[in-house]
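Please treat every number below as a calculation from the coordinates, not as lab data. What you see is a predicted model; the values in this text were computed from it and never measured. Every residue, glycine as well, gets a Cβ built from its backbone with ideal geometry; the counts of neighbours run over all protein chains shown.
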Amino acid sequence: MELQGIDMNITGRDEHVPEVERYIRTFKERARAIIITLPFKILLNQLIVEIVYNAIFWPNCFPHKDGIHSTFSPCTKVTGSKFD
């Protein structure tokens, strides 16, 4: 990987990566925001899975300003699907 110019940032056990922890916190907040808008007191497991999928899916459909590509989203790079 070093020959190709790829720099791996490997963390050890019990180390924290602030960027990743912030992304996790953001997705949790998005999922909680969806859950509190629902009129149900008890949620089925499949509904919780779909809420988390939705919270992760939509941010990945748009290109990130600091991402690896300026016009392609992570979803487009991985799946090849494009959104209008």
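Key figures for this structure:
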quantity	calculated
Residues of the stretch 46-84 satisfying the condition of being part of a loop (DSSP other than H, G, I, E, B) and loosely packed, with under 11 Cβ neighbours inside 10 Å	65, 66, 68, 70, 71, 80, 81, 82, 83, 84
Residue count, the stretch 15-32 (criterion: in a loop (DSSP other than H, G, I, E, B) and either within 12 Å of residue 56 (Cα to Cα) or of a type outside the set (A, V, I, L, M, F, W, C) (or both))	2
